[in-house]
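Chemist: Submitted below is the structure of interest, expressed as structure tokens.
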């Protein structure tokens with residue numbers, strides 16, 4: 001309870017006025033930038049959160065070119081879905097959901113769409129939910145989040161996280177193979193037809209990189 005009380009106090013201390021001349025999306029974007037700076041003053045994680053957030057929005061726009069869903073709900077959800085990661089490490093979907101509730105209580109400009117946005121935030125990482133139980137917006141949000149976790153970006157993350165571990169190329173290949181196997185298994189988590197198409201494209205690029213790395217790293221023996 002104290003944790004949530006502290007978060008509420010943080011919200012109350014934020015100097016922000018909802019500008020009705022701007023879109024709801026722009027207002028939420030400006031708010032999260034302020035929130036991230038206040039809750040992560042030394043920028044330990046906020047840049048990564050914002051980069052991931054903006055990539056998921058870009059992916060969602062690709063999905064929305066073919067999938068029918070409310071764009072405003074999708075984008076506002078994605079702006080808020082990881083906002084809690086500057087203040088907690090576990091159950092970030094639950095805490096982000098509560099933070100969004102506090103935001104909507106303070107700035108009641110999204111009352112008509114509030115419940116759908118909150119539900120999307122709450123369930124955005126529940127990959128094993130049956131598609132029949134999901135709204136179109138939930139499906140797009142979940143797919144955008146998953147699609148940012150694979151492909152060449154995933155390879156880059158693996159390399160960045162292991163660069164201080166002095167791994168051999170063969171050890172790196174083994175690590176990437178494990179990641180690729182996970183990517184293959186998780187195709188079933190993608191909810192939309194368009195998302196599956198993009199997922200397969202990204203998986204193919206991952207495999208091409210991995211195969212090329214294996215060819216170039218074959219050990220030469222005299």
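Bear in mind these aren't lab numbers, they're just calculated from the coordinates by the rules spelled out. The structure presented is a predicted model; accordingly, all values stated were derived computationally and were not measured. Methodologically, a virtual Cβ is constructed for each residue, glycine included, from the backbone with ideal geometry; neighbour enumeration extends over all protein chains shown.
Chemist: Which residues in the range 121-149 place their backbone N less than 20 Å from a point set 7 Å from the Cα of residue 90 along the Cα-to-Cβ direction?
Modeler: Correct set: 122-127.
Chemist: Quick one: check the C-alpha center-to-center distance for the range 41-108 versus the range 131-188, whole angstrom.
Modeler: When both Cα centres are located, 19 Å separates them.
Chemist: Would you compute, for the Cα atoms of the range 152-216, the largest minus smallest coordinate along each principal axis and list the three values in descending order, in whole Å?
Modeler: 40, 23, 16
Chemist: Calculated FRET efficiency, residue 19 and residue 182, Cβ-Cβ r, R0 25 Å, to nearest 0.05?
Modeler: Efficiency at R0 = 25 Å is approximately 0.05.
Chemist: For the chain, state the semi-axes of the equivalent ellipsoid (square roots of 5 times the eigenvalues of the alpha-carbon gyration tensor), sorted largest first and rounded to whole angstrom.
Modeler: Its equivalent ellipsoid spans semi-axes of 35, 22, 14 Å.
Chemist: Could the peptides 192-201, 144-153, 158-167 be put in order, highest first, of the mean number of other beta-carbon atoms found within 10 Å of their residues?
Modeler: In descending order of packing, they fall as 144-153, 192-201, 158-167.
Chemist: Mean separation of Cα pairs under 8 Å and 6+ residues apart, divided by the residue count of the chain: what relative contact order is that in percent?
Modeler: Computed over the chain, the figure is 20 percent.
Chemist: Could you check which residue among 21, 86, 47 shows the biggest mean-square fluctuation in a GNM of the chain with a 10 Å Cα cutoff?
Modeler: Ranking 21, 86, 47 by mean-square fluctuation puts 21 first.
Chemist: Given a Förster distance of 22 angstrom, what is the FRET efficiency for residue 174 paired with residue 211, based on the Cβ-Cβ distance and rounded to 0.05?
Modeler: After rounding to 0.05, the efficiency reads 0.95.
Chemist: What is the range 73-180's relative contact order, in percent, from Cα pairs under 8 angstrom and six or more apart in sequence?
Modeler: Relative contact order for the range 73-180 comes out at 25 percent.
Chemist: Relative contact order for the range 152-216: what is it in percent, counting Cα pairs under 8 Å that are at least 6 residues apart?
Modeler: Across the range 152-216, relative contact order equals 45 percent.
Chemist: Can you work out the FRET efficiency for the pair residue 193 and residue 159, with r the C-beta to C-beta distance and R0 = 35 Å, to the nearest 0.05?
Modeler: 0.65
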